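The values are calculated or read from the model by the stated rules, or taken from the named source; none is laboratory data. Not measured: the values here are computed from a predicted model. With ideal geometry, Cβ positions are generated from the backbone for all residues, glycine too; neighbour counts draw on all protein chains shown. These area figures cover heavy atoms from the full protein model, side chains too; ligands, DNA and RNA do not enter into them. Shrake-Rupley method; radii C 1.70, N 1.55, O 1.52, S 1.80 Å.
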Amino acid sequence: MKNIKDYNLEELKQEFIKLGEKPYRAEQVFKWLYTTDVTSFDEMSNLSLELRDKLKNEFSICIYNILRKQESTDGTKKYLFDVLDGNAIETVLMSYHHGYSICVSSQIGCKMGCKFCASTGIPFVRNLTSGEIIEQILAVQRDSKVKISNIVFMGIGEPFDNYDNVLNAIRIINNQKGLNIGARHISVSTSGIVPKIYDFANEDLQCTLSISLHATTNEQRSSMMPVNNKYSIEELMKACKDYIAKTNKRISFEYALAKDNNETLEDAKRLVKLLKGMLCHVNLIPINKIENGKYTKSTNENIMKFRDYLNDNGIVATIRRELGSDIEAACGQLRRKNLE
Ligand code: SAH
């Protein structure tokens, strides 16, 4: 059956017209779905019983079951959701002083094969649909009773390998009649699928683009991220410059620091050279150790030295706060897994 959350408002209106219904009815349903806690058509009290029946025959409302919920000592919550076909995905809720952020997954599994990321450990299964992406937000809000204000596409999966569904999800999340979360409060992170960076520049969206850079030479980056064999650092930087020129928006470069790997002064110097003059920001992430992973975190001292070198040389860099590592909810620790 069709998942009603897969449709943006315009598409839903078209679906309603096909059913012989007025478009404003679609708007009413849209409001129920995204601004209330209702989980069934029966609860949509301003629709006739006849219309509720019609919708029940036509659409499902994807509602996740929580398979597991873990809470970190820092307040971060990690959810394992049953996506209703026997697969499970993880979603993380983080609390910041400026509100609640959610880290959503875009795929069941991931194809990218980054050597330091746990999401790669298990084979790729499939893309999530837009509705399945959005239900992560709704399910977390229903359970936690908080209103989410920021969304990062940094959970399991490569958002630009599921480009159309991610983009449609963003449009639904953005809609003022629904969740109404402004694009400025949405970040999309990519491992560097170059053609999609060019596409994204043309979308006329105010989202933040984050690029997982992590290394400064092709040899080093390819050893960490196989995607670099396909799209080199030079091609990636060219696409980033095009993005900035077209959108006039700042790019956020993610750089996960690992001991004896990419943390030296030479690395910092090459990074400055690579990013000099670009409208950007560097987000330094202490690399999180994963099961069977060969990388270990740089020391705090080295991370701060790295940051200071960047800042002293004109590149704005901050260190990402580590949240939820005690429940394996931190960057790179999410897996597509079922309950053991
Ligand atoms: N596939 C996308 C988004 C998911 S990961 C991407 O690659 O950008 C979100 C961020 O966490 C990425 O920058 C990713 O490289 C980083 N990351 C993955 N594993 C990590 C780990 N073990 N420690 C720290 N950061 C990690």
Near pairs, Cβ below 8 angstrom, 6+ apart or cross-chain, from region 143-162 (closer than 16 Å to residue 105 by Cα) to any residue that is crowded, with 16+ Cβ neighbours inside 10 Å and of a type in the set (Phe, Trp, Tyr): 148/100; 150/100; 159/153; 160/200
Those residues that are open to solvent by 10 Å² or more (accessible area, probe 1.4 Å) and either of a type in the set (A, V, I, L, M) or out of contact with any Cys (no Cβ under 6 Å at 6 or more places or on another chain) (or both), I need them from region 108-123; list them, please. 110, 111, 112, 113, 114, 115, 116, 117, 118, 121, 122, 123
Quick one: residue 69 ticks every box in (1) in contact with a strand residue (DSSP E or B) (Cβ under 8 Å, 6 or more places away or on another chain); (2) without any contact (Cβ under 8 Å) to a residue 24 or more places away in the chain; (3) charged (D, E, K, R) bar one, so which box is it? (2)
Look at residue 80 and say whether it is open to solvent by less than 10 Å² (accessible area, probe 1.4 Å) and aliphatic (A, V, I, L, M). yes
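Yes or no, residue by residue, for (1) open to solvent by 60 Å² or more (accessible area, probe 1.4 Å); (2) out of contact with any Asp or Glu (no Cβ under 8 Å at 6 or more places or on another chain); (3) not assigned by TED's automatic domain parsing to the domain that holds residue 22:
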position: 38; (1), (2), (3): no, yes, no
position: 49; (1), (2), (3): yes, yes, no
position: 91; (1), (2), (3): no, yes, yes
position: 97; (1), (2), (3): yes, yes, yes
position: 100; (1), (2), (3): yes, yes, yes
So for region 103-112 (the condition being part of a loop (DSSP other than H, G, I, E, B) and away from the ligand (no atom under 16 Å from the Cβ)), does at least one residue qualify? no
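Residues checked against (1) more than 21 Å from residue 81 (Cα to Cα); (2) out of contact with any strand residue (DSSP E or B) (no Cβ under 9 Å at 6 or more places or on another chain); (3) β-branched (Val, Ile, Thr):
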residue	(1), (2), (3)
139	no, no, no
151	no, no, yes
154	no, no, no
157	no, no, no
171	yes, yes, no
176	yes, yes, no
180	yes, yes, no
Can you tell me which of (1) out of contact with any strand residue (DSSP E or B) (no Cβ under 7 Å at 6 or more places or on another chain); (2) over 16 Å from residue 165 (Cα atoms); (3) not β-branched (Val, Ile, Thr) is the one residue 101 doesn't meet? (1)
Return the only residue of 90, 27, 50 being in a strand (DSSP E or B) and closer than 23 Å to residue 3 by Cβ. 90
List every residue pair whose Cβ atoms lie under 8 Å apart, where the two residues are 6 or more positions apart in sequence or sit on different chains, the first residue falls within region 276-297 and is not assigned by TED's automatic domain parsing to the domain that holds residue 319, and the second residue, located anywhere, is within 10 Å of the ligand (Cβ to nearest atom) and of a type in the set (A, V, I, L, M). none
